[in-house]
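One structure is given here, and the rest of the page talks about it.
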Amino acid sequence: MLVADLVIGEAVPDEVVRGLDDAWRGWFAASPLEKQAYLDAVRDVGFRDVEVVAEHEFDCPGMDGRLRGSLISIQVRAHK
């Protein structure tokens, strides 16, 4: 499989999350994982040879500036 997803790079304080718009607050309410926890979860469901093939700081137009540096876009390849 090859999947792209967002993970947490740096912790985002609760007071920042509470001040975000509904879409971002909803994303944080889903308990996003830190990078290593995400990779471990992929392994835990039976995938092997899990590797990050691309990674960069996530940024998008209109994103709350308090999130900069806290979100990482990763692309993960794994085999089952």
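The values are calculated or read from the model by the stated rules, or taken from the named source; none is laboratory data. Computed from a predicted model, the values in this text were never measured in an experiment. In this analysis, Cβ positions are derived from the backbone assuming ideal geometry, glycine residues included, and neighbour counts consider all displayed protein chains.
Taking residues in region 53-80 that are within 17 Å of Ala4 (Cα to Cα), and partners anywhere that are among the charged types (D, E, K, R) and in a helix (DSSP H, G or I), the pairs with Cβ atoms closer than 9 Å and at least 6 places apart or on different chains are Glu55/Lys35; Ile72/Lys35; Ile74/Lys35; Ala78/Arg43.
Residue count for region 36-80 satisfying the condition of being among the basic types (Lys, Arg) and modelled with pLDDT of 95 or more: 3.
Against the definition (modelled with pLDDT under 90 and of a type outside the set (A, V, I, L, M, F, W, C)), how does Glu10 come out, yes or no? Yes; evaluated as a whole, the condition is true for this residue.
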